[in-house]
1. For the stretch 50-97, place one equal point scatterer on every Cα, skip the solvent, and apply the Debye formula. What is log10 of I(q)/I(0) at q = 0.19, 0.21, 0.25 Å⁻¹?
2. Work out the FRET efficiency for residue 13 and residue 121 from their Cβ-Cβ distance, taking R0 = 22 Å, and round it to the nearest 0.05.
3. If you consider only alpha-carbon coordinates, what radius of gyration and Dmax does the stretch 108-167 have, in Å?
4. Which FRET efficiency, nearest 0.05, do residue 131 and residue 89 yield, Cβ-Cβ r, R0 25 Å?
5. Which of 116, 69, 36 moves the most in a Gaussian network model of the chain with Cα springs under 10 Å?
6. Could you check the spin-label model distance between residue 113 and residue 154? Points 7 Å from the Cα along Cα→Cβ, value in nm.
7. Of the residues 89, 161, 67, which exhibits the maximal mean-square fluctuation in a Gaussian network model of the chain defined by a 10 Å Cα contact cut-off?
8. Express in nm, to one decimal, how much length is gained between residue 32 and residue 145 on full extension, taking 0.36 nm for each residue of separation and deducting their alpha carbon distance.
């Protein structure tokens, strides 16, 4: 899977209340959530990333409460991936379950500046700053997590598996 977009830099400890403020948790509609994604940091975030952006964050991205709304809002806003020095564990799993690609790389985060064009190849584990030409290696996900992300999340992945297995059982 290849992902490209402009870097949107954020700091450390970006919690789920910043990613999607609590007053908007009355829906799971990703288009509605997207409009308010990262609103406390930048009210124009949605307009900046809707054509494809990559969030580049310091440590502990996605900390705070466990809410699936956070990766849904990011995906709905047009974020293709998040690159961070580290992720809160519950956000990490929610991102995978919702089909949002995430990558850990301190080196990439330190080197990439806001507005740089970024390319990520999840198969080779390479993040490239197209603006500077620098590249960074990241650990790739195990195959089963890659399959979940590429399917669009755990529910979509499970639907595909059930459909496939039911089709095979009928032959």
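1. Result of the Debye calculation: -0.55, -0.67, -0.93.
2. Values: r = 29 Å, r/R0 = 1.30.
Calculated transfer efficiency: 0.15.
3. 16.0, 49
4. Values: r = 31 Å, r/R0 = 1.26.
Plugging the Cβ-Cβ distance into 1/(1 + (r/R0)^6) gives 0.20.
5. The residue with the greatest mean-square fluctuation here is 116.
6. If labels sit at residue 113 and residue 154, their model points lie 4.0 nm apart.
7. Fluctuation is largest for 161.
8. Working: separation 113, 0.36 × 113 = 40.68 nm, distance 2.71 nm.
This chain segment gains 38.0 nm when fully extended.
Since every read-out is calculated from the coordinates, none of them should be taken as a lab result. The model shown is predicted, which means the values in this text are computed figures rather than measured ones. Ideal geometry is used to build each Cβ from the backbone, glycine not excepted, and the neighbour counts take in all protein chains shown.
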